[in-house]
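All remarks here apply to the structure that follows.
Bear in mind these aren't lab numbers, they're just calculated from the coordinates by the rules spelled out. Predicted, not measured: the structure shown is a model, and the values here were computed from it. Cβ: placed from backbone, ideal geometry, glycine included. Neighbour counts: every protein chain shown.
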Ligand code: CNA
């Protein structure tokens with residue numbers, strides 16, 4: 001559609017790799033919409049590739065999920081947090097290094113060409129790479145919050161790190177303290193959290209119907225069934241009038257509302273997709289198909305740009 005509209009309005013058409021290179025060279029307000037694909041070369045699988053997390057969860061079958069998406073579903077988590085915590089160690093940002101694709105985004109920022117990086121990733125590799133103008137649309141492991149809405153205790157992600165690697169469920173220290181006080185004051189059963197939750201333990205302590213995981217610490221990553229922060233809408237509203245190029249990188253654009261960003265920017269804004277697989281449900285002006293690291297290296301070579309050295313300053 002954007003092509004047709006642009007043709008009708010006699011706006012320039014963009015089709016080739018050279019067009020992409022010139023657009024990247026000359027644009028001053030670039031939005032980069034990135035996804036799990038740009039962290040695959042760092043050793044973090046994406047969701048939907050054939051060797052991604054969903055396929056692995058299905059293949060291994062050890063978590064007995066009806067749908068692999070349940071692993072990141074809020075309602076499922078509230079019934080069975082131990083399932084997520086048996087698995088979370090494999091995606092927790094620890095020794096991962098930013099990829100050339102992250103460094104390319106940093107380079108755009110250093111060149112004052114980056115309007116904003118809208119990242120769907122939760123691995124905090126943007127911060128590790130020193131990208132400042134980033135919005136982590138789906139949150140990150142940098143912080144964690146208690147699932148009990150009457151508590152909502154917030155702590156740094158590092159406070160649940162050990163539990164993640166031990167594959168146990170981290171309980172909220174504030175709720176634990178409150179429960180202790182209740183117990184000693186003999187004021188009855190604590191609300192929600194079971195004090196002895198362990199990975200793989202999904203037995204009910206008492207047969208009182210399904211118990212919800214109140215009083216459990218949950219990393220501040222957006223699960224299915226959770227709303228995005230208002231910041232996404234606010235920033236997009238602000239950026240859509242300024243953006244002069246959209247680069248979509250390493251994402252299947254299957255997760256709304258972030259995927260809708262593409263439709264919310266003006267149709268005259270050129271769009272470039274850098275991805276291993278094509279995207280057919282949304283119109284892009286130019287598709288550069290392949291590993292994003294290789295594509296950005298090619299672009300940098302053509303422009304005689306040097307990728308910045310990776311910085312390693314982990315948030316978690
Ligand atoms: P996705 O749906 O798994 O899509 C990933 C896309 O990247 C696919 O289209 C792949 O073809 C493509 N791809 C894979 N490897 C490469 C590569 N080397 N170079 C270029 N493209 C590649 O993941 P999305 O990001 O689209 O989905 C959004 C989800 C994924 C968000 O909610 C994230 O939180 C979630 N996620 C994040 C991480 C992470 O933080 N690293 C990892 C896994 C999932």
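Details
- Extension gain, residue 159 to residue 309: 0.36 nm times the residue separation minus the Cα-Cα distance gives 51.1 nm.
- With Cα atoms, 0 to 90° folded angle of helix 100-110 axis to the chain main axis: 70
- With contacts taken as Cα pairs under 8 Å at a separation of at least 6 residues, the chain carries a relative contact order of 27 percent.
- Each principal axis of segment 49-134 carries a Cα extent, and these read 48, 26, 21 Å when sorted largest first.
- Gaussian network model of the chain, Cα within-10 Å springs - most flexible of 43, 61, 290: 61
- Within the chain, DSSP assigns beta bridges of which about 30% are antiparallel (rounded to the nearest 5).
- Calculated FRET value between residue 254 and residue 294, using beta carbons and R₀ = 35 Å, to 0.05: 0.90
- C-alpha long axis of helix 173-184 to longest principal axis of the chain, angle in °: 10
- Mean residue ellipticity (222 nm) of the chain, computed from DSSP H runs ≥ 4 via -39,500 (n - 2.57), nearest 500: -8500 deg cm²/dmol
- Sequence ranges 159-165, 36-42, 253-259, 87-93, ranked by mean other-Cβ count within 10 angstrom, highest first: 36-42, 87-93, 159-165, 253-259
- Overall form of segment 1-89 per C-alpha gyration tensor (a/c, 1.5; a/b vs b/c): prolate
- Zone residues, segment 44-70, relative to residue 280, backbone N less than 17 Å from point 7 Å out along Cα-to-Cβ: 49-50
- Scaled radius of gyration (Cα, divided by 2.2 N^0.38 Å) that segment 135-181 gives: 1.24
- Computed Rg/Rh of the chain, alpha carbon atoms with Kirkwood Rh: 1.03
- Choice from 179, 19, 67 with maximal GNM fluctuation in the chain (Cα, 10 Å cutoff): 67
- Most mobile of 174, 240, 59 in a GNM of the chain (Cα contacts under 10 Å): 59
- Sorted ascending by nearby beta carbons within 10 Å, beginning with the fewest, 282, 217 become 282, 217.
- Available extension along the chain between residue 7 and residue 263 is 90.4 nm, counting 0.36 nm per residue and deducting the alpha carbon span.
- When 167, 6 are sorted by how many other C-beta atoms sit within 10 angstrom of their C-beta, beginning with the fewest, the order is 167, 6.
- Packing-based order for 74-83, 20-29, 128-137, using average beta carbon neighbours within 10 Å, highest first: 128-137, 74-83, 20-29
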